[in-house]
Amino acid sequence: MSDVITTDAVIIGAGPCGLFSVFELGLLDIRCQVIDILDRPGGQCAELYPEKPIYDIPALPIVTGAELTSRLLEQATPFKAGYHYNQMVTALTKHGETDFELKTDGGLVFRSKIVVIAAGGGSFQPKKPPIPGIDAYENSSVFYSVKKMEAFRGKDVLIVGGGDSALDWTNNLQPLAKSLTLLHRRDDFRAAPDSVNKMRELVAAGKMSLKIGQVTGLKGENRVLSAATVKGTDGTVFDVATNAMLPFFGLTMKLGPVADWGLNLHENLINVDTEKFETSEKGIFAVGDINWYPGKLKLILSGFHEAALMAQQAFRYINPGERLVFQYTTSSTNLQKKLGVA
Amino acid sequence: MAKITFIQHNGTEIETNGIPGMTVMETAIKNQVPGIDADCGGACACATCHVYVEPEWVDKVGARNPMEEDMLDFAFDVRDNSRLSCQIKVSDAIDGLRVTVPAKQF
């Protein structure tokens, strides 16, 4: 068991609303730890549309998801939050009378006075292709991510997909694998040209094979795969021998463990009030796409507003009895000192 | 108005009225057609609005665009008549369109 990380606020989700929550809470001297399932900040802005322009952020006529993320991170810098990536919060429970304890699938434990759920569409999880019988092989012969490369040493590896994950792992696992086949639905790859070239060199050198087609079935027994049945683009059907298959079809959003935390939900969204953006559990807030209230719009700008109001109530919980004086960053020397500009 | 029919994998048909200018995906969401997830909300960034265009409509609907072709790498069981419904604009020209929704967008 790792050491417990103690803080004022844990923010679940490092998308735009989670990052702006760090800023709003920071102005009120509330220390934050941010947890995200992705390997980098930005949430949907990073995973779904880093290069696509967003046109409805106030005062930014055009900004890409990646630019918005880096600007929000920069804005939150003075508040020195802790960021924990590749971690899914699996459990959220009460700790004592007023505090909370959170556990992640990576073994981290947090204790905090308040929790802000800014988890957007839920947690990004690998898409599982609906190949008949695939469930029986999951985690024994079928894997949706590579946790340890060594696990693939000496295996007949079959990688399915044409994106960066598929190509990166093709190139990285080829030296370890007994044999490696990359299977893709077309002889054209959306992955970075460098990794595509590297893969083509390996194919030319006879070190791996590239097949074009789609998996239609699996063969094996006792949870051990022996081959994948593939339908080629010309309709021919053939088998590829494999005992370790890695399908890479991108990520999809699932509500995930949030559904099990005992919060009142409205069609897979968390019910909040519109004064404090607090959930049915005192001290747990929800901002951004994951919350619901009458009139809710899933807009980043709405999430920013929600974060500001959430922070007011968070301050009251963390500093009971203390008076909260509303201040502007334009005129308050106190706030400007916190921002490092005064 | 353009009539758009979504055929579920079990054969059930859902008839909708598409408004010209909207996308087929938006029409599905507005009418709560099961099986069209549209995680990304129409940014052509997730491949969870995958449909099969009925053969007689393939030419009228037109070809995939390059971005859509890339995104289809993230769909399952891609066929010649596969399209992402967020990339098909509703117009009078496709009044009567029939598309089949896969069993699962996964």
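For the range A:57-89, filtered to residues that are assigned to a loop (DSSP other than H, G, I, E, B) and out of contact with any Asp or Glu (no Cβ under 6 Å at 6 or more places or on another chain), the residue that is surrounded by the fewest Cβ atoms within 10 Å (Cβ to Cβ) is A:A59. Within the range A:187-206, the set of residues being surrounded by 14 or more Cβ atoms within 10 Å (Cβ to Cβ) and assigned to a loop (DSSP other than H, G, I, E, B) comprises A:F189, A:R190, A:A191. The residues of the range A:153-168 that are buried (at least 23 other Cβ atoms within 10 Å of the Cβ) and in contact (Cβ under 8 Å) with a residue 40 or more places away in the chain, listed by number, are A:V157, A:L158, A:I159, A:V160, A:G161, A:A166.
Evaluated against (1) farther than 14 Å from A:I117 by Cβ; (2) touching a residue at least 24 places away in the same chain (Cβ under 8 Å); (3) surrounded by 14 or more Cβ atoms within 10 Å (Cβ to Cβ), A:F285 falls short on exactly one condition, (1).
Please specify each residue of the range B:27-51 satisfying the condition of being away from every other protein chain (no Cβ under 14 Å) and over 22 Å from A:L251 (Cβ atoms). Selection gives B:T27, B:K30, B:N31, B:V33.
Of everything listed in (1) over 27 Å from A:I54 (Cα atoms); (2) more than 14 Å from chain A (Cβ to nearest Cβ); (3) not small (G, A, S), the single unmet condition for B:K104 is (2). Just so you know, in the range A:235-249 the residues that are in contact with an Asp or Glu (Cβ under 8 Å, 6 or more places away or on another chain) and surrounded by 23 or more Cβ atoms within 10 Å (Cβ to Cβ) include one that is farthest from the other protein chains (Cβ to nearest Cβ), and it is A:A244. Inside the range A:26-56, residues that are within 22 Å of the chain's Cα centre (by Cα), away from chain B (no Cβ under 14 Å) and not in a loop (DSSP other than H, G, I, E, B) make up a count of 4.
Just to verify a result, which residue in the range A:170-183, among those that are closer than 20 Å to A:A227 by Cβ and out of contact with any helix residue (DSSP H, G or I) (no Cβ under 7 Å at 6 or more places or on another chain), is nearest to the other protein chains (Cβ to nearest Cβ)?
A:L183
The residues of the range A:120-147 that are away from chain B (no Cβ under 14 Å), of a type in the set (A, V, I, L, M) and assigned to a loop (DSSP other than H, G, I, E, B) amount to a single one, A:V146. No other residue among A:K231, A:K296, A:K254 is more than 30 Å from A:D168 (Cα to Cα) and of a type in the set (K, R) apart from A:K296. Scanning the range B:53-81 for residues that are within 13 Å of chain A (Cβ to nearest Cβ) and at positive phi returns a single hit, B:D77. I need the full set of residues from the range A:190-213 which are under 22 Å from B:D77 (Cα atoms) and either out of contact with any helix residue (DSSP H, G or I) (no Cβ under 6 Å at 6 or more places or on another chain) or at pLDDT below 95 (or both), in order please. Within the range A:190-213, A:R190, A:A191, A:S209, A:K211, A:I212, A:G213 qualify.
The values are calculated or read from the model by the stated rules, or taken from the named source; none is laboratory data. The model shown is predicted, which means the values in this text are computed figures rather than measured ones. So basically every Cβ, Gly included, is an ideal-geometry build from the backbone, and we count neighbours across all protein chains shown.
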